[in-house]
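Data first, discussion second: the structure below is written as structure tokens.
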Amino acid sequence: MQFMSAEWLADVVIVGGGSCGSVLAARLSEDPSLEVCLLEAGADDEHWYVDVPMGLALTVPTKIFNWGFLTEPQPGLGGRRGYQPRGKGLGGSSSINAQIYIRGHASDYDHWATLGNPGWSWNEVLPYFVKSENNERFVDAFHGQGGPLNVAHARSPNPFAQRMIDAALAQGLPPVEDFCGAHDEGVGWYQMTQENGERCNVARAYLRRLKGKRTNLRIVTRARALGLSFDGSRATGVQCLIGDQKIHVRGRRQVILCAGAFQTPQLLMLSGIGAPDDLAAAGVKTRLALPGVGRNLQDHLDCALAYRSKAPGLIGIGRGLGLKGLQGAREYRLRRSGMYSSNANEAGAFVRTLPDLPAPDVQLVFAHALSENHGRTLRWGSGFAGHACVLHPYSVGRVSLSSNDPLQAPKIDPAFLSDERDLETLLRGVKLVKRVLESKTLHDGPPKPLLEDPIDSDDDLRAFIRNHADTLYHPVGTCRMGEDPMAVVDAKLRVHGVPGLRIVDCSVMPTVPGGNTNAPAVMIAERAVEFIQNDLQGDESR
């Protein structure tokens with residue numbers, strides 16, 4: 001790869017080394033004639049707080065490997081500012097998430113196709129899920145073996161998670177063995193992106209084995225993207241800050257944005273691509289009017305009920321629990337098993353809260369630990385919790401510029417509960433969580449809620465939701481694909497009106513899938529590899 005004092009040259013420049021960027025860098029650099037440069041604003045991912053599954057208890061509440069964004073005040077949440085942790089470093093959010101491997105419902109992708117996106121129906125995307133996966137348990141048409149991303153059940157299944165599953169079954173939920181199989185409705189154990197008791201984040205799965213071995217792949221960490229460069233209308237590179245030096249990284253053939261649902265639209269807008277009025281308000285001159293940039297922000301709103309308990313297997317903070325933690329650390333160091341091999345969210349469910357719905361509208365996550373305010377508020381003692389989230393929100397928000405300074409965080413407005421239908425859906429989900437978690441089989445006496453808010457009536461629960469609900473960390477849609485005037489990319493993920501520029505991350509999703517979004521992100525990247533390779537080979541029709 002050629003190097004000059006203020007400019008680097010590559011055939012393909014990838015901005016963002018998160019899940020999608022890791023996949024693209026690994027797959028595209030399989031061609032030894034193609035020079036690939038991957039730019040990541042954060043650090044390398046090889047650290048214990050990434051590799052240890054329970055490390056999320058440290059990274060999610062803090063800015064360790066985490067951008068730790070805040071939203072604009074949310075009227076639907078009582079004026080509170082929400083918290084938006086996003087991974088900062090190789091692997092992106094797959095380095096700090098709960099590792100739950102979920103794809104969503106088949107109808108989610110068929111809906112994408114009906115919105116004017118050929119090639120994105122369920123039958124067309126399933127092969128790319130399969131290609132990426134190495135599933136340790138399921139061998140069938142829905143799963144892959146031999147792919148980079150390892151998918152497994154919990155190495156040391158928590159006994160209290162089974163008790164919560166049993167309590168849900170007693171409430172009439174059907175059992176599910178495989179949430180990514182033919183049917184996802186019901187309750188059961190989640191599979192996770194883990195391998196041998198360690199987190200298998202996407203950078204580990206795709207990139208770690210390649211470091212220093214492919215001369216045509218340059219991975220640059222702590223490289224903060226500032227804006228795109230152009231030759232006429234064509235995108236030709238990216239300006240970035242590395243240490244105290246500004247570097248221009250020129251992409252001779254393609255520039256690909258993989259910075260995520262918040263920072264990809266931010267980078268476009270900083271480069272003059274977006275709605276002219278929004279750009280002008282931030283002091284940015286319009287290069288290309290593309291009004292959909294930053295719009296269509298969708299996210300899964302989540303609300304949890306937590307209960308105190310001293311039952312065996314629960315995780316918490318306390319004198320005796322500290323000793324348990326030390327014993328668990330020793331077990332993990334020796335055998336990569338025990339409490340530190342857990343994500344603390346091993347079980348859950350997908351449910352239809354109304355009988356006439358075509359697919360589940362609420363996801364449940366059962367946690368064998370106490371957590372409040374994303375783990376930023378610590379509570380003495382142990383307990384368990386149940387989360388409910390709205391899978392198909394009607395509330396739609398936006399991302400915009402806070403200023404023309406690329407080092408400032410973007411303005412994030414999810415507009416949570418701006419549509420009252422989401423409140424009613426979440427109410428039905430929380431009521432189900434309450435019935436499950438207040439089961440007599442989970443308590444030695446009367447249930448002991450962690451919080452003092454009343455939760456007896458529907459109005460109590462509506463108020464509880466407004467006071468405590470927040471993201472489940474699945475923002476998407478801010479550069480959505482399509483052919484209508486508000487679409488930002490076409491079905492092959494090329495930015496409308498900007499030759500040489502693609503977007504490959506969750507921002508291109510037209511609607512949020514009904515489940516965790518990391519597996520769909522990996523699928524999108526695997527799908528995009530073929531689009532990019534065909535372009536580079538001169539056949540853009542494929």
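The values are calculated or read from the model by the stated rules, or taken from the named source; none is laboratory data. Being a predicted model, the structure only gives us computed values, none of them experimental. Heads up, the Cβs are rebuilt from the backbone with ideal geometry, glycines too, and the neighbour counts pull from every protein chain shown.
Quick notes
- Among residues of segment 504-536 being part of a loop (DSSP other than H, G, I, E, B) and in contact with a Cys (Cβ under 6 Å, 6 or more places away or on another chain), the one that is surrounded by the most Cβ atoms within 10 Å (Cβ to Cβ) is Asp505.
- Some residue of segment 171-181 being at pLDDT 95 or above, within 23 Å of the chain's Cα centre (by Cα) and more than 29 Å from Leu314 (Cα to Cα): yes
- Among the candidates Val365, Val293, residue that is modelled with pLDDT of 95 or more, over 30 Å from Arg494 (Cβ atoms) and either of a type in the set (A, V, I, L, M, F, W, C) or in the same structural domain as Asp460 (by TED's automatic domain parsing) (or both): Val365
- Odd one out for Thr264, checked against (1) under 25 Å from Trp8 (Cβ atoms); (2) surrounded by fewer than 23 Cβ atoms within 10 Å (Cβ to Cβ); (3) among the hydroxyl-bearing types (Ser, Thr, Tyr); (4) touching a helix residue (DSSP H, G or I) at 6+ places or on another chain (Cβ under 9 Å): (2)
- The criterion of being in contact (Cβ under 8 Å) with a residue 24 or more places away in the chain, closer than 21 Å to Asp11 by Cα and over 22 Å from the mean Cα position of the chain (by Cα) holds for Gly227.
- Residue match in segment 154-173 (condition: more than 25 Å from His387 (Cα to Cα) and surrounded by fewer than 19 Cβ atoms within 10 Å (Cβ to Cβ)): no
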